[in-house]
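See below for the structure under consideration.
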Amino acid sequence: MGGQPPIYRRRAVSDNYGMTNTTNKLRPTVLLAFDALGDYWLRVARGAADVLRDIDVDVHLTHQLPPNRLVNDNQEIKGVIARVASVESMRALQGLRVPIVNVGNARDEIALPRVGVDDRAVGVMLCDHLAACGVRVMAYAGDSTRFARERGAGFVARAKELGATVVGCRVEHKPGTNYGRVLQEWIQAAAPHPLGLACVNDGRADAMINHALLAGLKPGQNPLVIGVDNELVVQLRCRVPLSSVDVPGDAIGRTAAEMLLTLMKGEPPAAPVIIPPVRVVARRSTQPVKVADPAIQRAQLYMAEHATSGVSVDDVVTASRVSRRTLESRFRTHLNSSIHDQLQALRLARARDLLSDTTLPLAEVSRLSGFGGVGHFIKSFKLAAGLTPGQFRVIARGHGEPDAVENEAESE
């Protein structure tokens, strides 16, 4: 596991970053080189620019590598933040003889200081969301990149922990692969249960949804599909509103800029910094599986309406009109989960939304999410997310510091 992401603070303009020669006509410039300029990479660029604009340096965004350190007649490259997707690209950048930070995770052979998302945690989040939607049979569609393999590994390991069945895990991409046929095979293997399909990114998820629509599947056969990156362009073109894991592009960009500045000051390369994914943005593509059992239906309806009001498992049992033992057994059989776990998932999802979208104090987030005291909320959140609520908020919002209430509760 890599280092923890920093708490972002303003840097003094007087700090020296190896850019002492600013009296001539050449402006010191940091190159942001991404071979794809989708919404996610623009968020990475925005995060980096937020840090770099505080010092006397220009920022140049491009999808093509320059032949030398001169961007144009008046800009000279002093550092690079790049998505390095191949050994050839790495060598070309190293030819510039400036510090480089890699914000990709494409190949094992790329040996550069790196900042990126925790791809295994992304896989876990994909699996947890499908399980929370009532899916018991799953598959993963990836490719041959390292991040796709790591997401697949996290997904499969988590499915095994939950007792779910994985009918397929493709972590390679061969020219001519008929993914429509692959999808049909997975759906048939999952029958009579619905298939939960996790995809390496939103582009692959969009393609798999199109394959499903073209196949003319019968009602109930369509898979529940989720992607990664929460890409706006894909959301606009996707024929079904797509659920997606939100990856902290701004935080990755900021952290990469912080790392680059230390390298530009002549300090040794830092250990890779791996940042957890933010949350699942749930949309219609993973609409929860409907269970025919009327007791479970009553329980789910009650939890959806009251989970954030602090209700207990006994309250859910009462609403279901069956005994606790019976309801727990049916939850395990149909949802592969417990009543408590379902309640907790709803509360944690609400807490993630409030931490990401508001500046409410933790005590208020705890209350509105249905937890008891703030101390219990912090411990529950950290157990589930691997981060305290304050640390999660810093990553999700890209700035700030953990709440003082959190620090007090953690020290108890």
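Where a number appears in this text, it was derived from the coordinates with a stated rule and is not lab data. As the structure is a prediction and not an experimental result, all values here were calculated from the model. Note that we place each Cβ from the backbone using ideal geometry, even for glycine, and neighbour counts take in every protein chain shown.
Starting from the Cα of Glu267, step 7 Å along the direction of its Cβ; do the same at Asn178; then give the gap between the two resulting points in nm.
Each label point is offset 7 Å from its Cα along the Cβ direction, giving 5.6 nm.
Can you tell me the order of 277-286, 315-324, 373-382 when each peptide is scored by its average per-residue count of other Cβ atoms within 10 angstrom, highest first?
277-286, 373-382, 315-324
Quick check for me: using +1 on Lys/Arg Cβ and -1 on Asp/Glu Cβ, what's the dipole size of segment 294-411 about its Cα centre, in debye to the nearest 20?
Values: 14 positive and 13 negative charges, 123 e Å.
Dipole of segment 294-411, to the nearest 20 debye: 600 debye.
By the scheme Lys and Arg +1, Asp and Glu -1, what is the net charge of all other residues having a beta-carbon under 9 Å from that of Leu126?
Here the charged neighbours net out to +1.
Given a cut-off of under 8 Å on Cα pairs at least six residues apart, what relative contact order in percent is computed for segment 294-411?
22
Calculate how large, on average over all directions, the projected area of the Cα convex hull of segment 294-411 is; give the answer in nm² to one decimal.
7.4
Antiparallel versus total DSSP beta bridges in the chain: what percent is that, nearest 5?
10
With charges only on Cβ, +1 for K and R and -1 for D and E, what is the dipole size of the chain about its Cα centre, in debye, rounded to 20?
Approximately 920 debye in magnitude.
How many percent of the alpha carbon pairs in segment 129-274 exceed a separation of 27 Å?
On the way: 3061 of 10585 pairs.
Cα-Cα pairs of segment 129-274 separated by over 27 Å account for 29 percent.
Which distance in nm do the two modelled labels at Thr165 and Lys25 give, with both placed 7 Å along the Cα-to-Cβ direction?
A separation of 7.2 nm, rounded to one decimal place.
Rank by packing, highest mean first: peptides 241-251, 359-369, with packing defined as the count of other Cβ atoms within 10 Å averaged across residues.
241-251, 359-369
Compare the peptides 110-118, 298-306 by average per-residue count of other Cβ atoms within 10 angstrom and give them in order, highest first.
110-118, 298-306
Picking from Thr333, Val374, Val311, whose Cα lies most toward the positive end of the charge dipole for segment 294-411 (charges on Cβ: Lys, Arg +1; Asp, Glu -1)?
Thr333
Quick one: length gained pulling Glu185 to Glu305 fully straight, 0.36 nm per residue minus the C-alpha distance?
Full-extension gain reported as 39.5 nm.
Determine the sum of side-chain charges near Gly38: Lys and Arg each +1, Asp and Glu each -1, restricted to other residues whose C-beta is under 15 angstrom from that of Gly38.
-3
In what sequence do Met259, Met90 fall when counting other Cβ within 10 Å, fewest first?
Ranking Met259, Met90 by Cβ neighbours within 10 Å, fewest first, gives Met90, Met259.
Let's test this: bin the Cα-Cα distances of the chain at 10 Å from zero up to the farthest pair and state each bin's percent.
Result, from short to long distances: 5, 20, 28, 24, 15, 6, 2, 0, 0 percent.
Which of Ala157, Ala363, Gly47 sits closest to the plus end of the dipole of the chain, meaning its Cα is farthest towards the positive end, when Lys and Arg get +1 and Asp and Glu get -1 on the C-beta?
Ala157
Compute the signed sum of charges (Lys and Arg +1, Asp and Glu -1) over the other residues within less than 14 Å, Cβ to Cβ, of Glu305.
It works out to a net charge of +2.
Between Ala92 and Glu364, what is the label-point separation in nm under the 7 Å Cα-to-beta-carbon projection?
The answer from the label model is 4.9 nm.
Under 8 Å for C-alpha pairs, at least 6 residues apart: give me the relative contact order for the chain, rounded to a whole percent.
Relative contact order comes out at 17 percent.
Work out how much length Asn210 to Arg283 would gain on full extension: take 0.36 nm times their residue separation and subtract the Cα-Cα distance, in nm to one decimal.
Here the answer is 24.6 nm.
Say the dipole of the chain comes from +1 at the beta carbon of Lys and Arg and -1 at that of Asp and Glu; which of Pro248, Leu236, Ile395 then lies farthest toward its positive end?
Among Pro248, Leu236, Ile395, the one farthest towards the positive end of the dipole of the chain is Leu236.
Are there any GluC sites (Glu not before Pro) in segment 27-134 that are in a DSSP loop and have at most 13 other Cβ atoms within 10 Å? List them by number. All intermediate terms of the calculation are to be shown ahead of the outcome.
On the way: sites: Glu76, Glu88, Glu109; in loops: Glu109.
Within segment 27-134, the qualifying GluC sites (Glu not before Pro) (loop, at most 13 other Cβ atoms within 10 Å) are Glu109.
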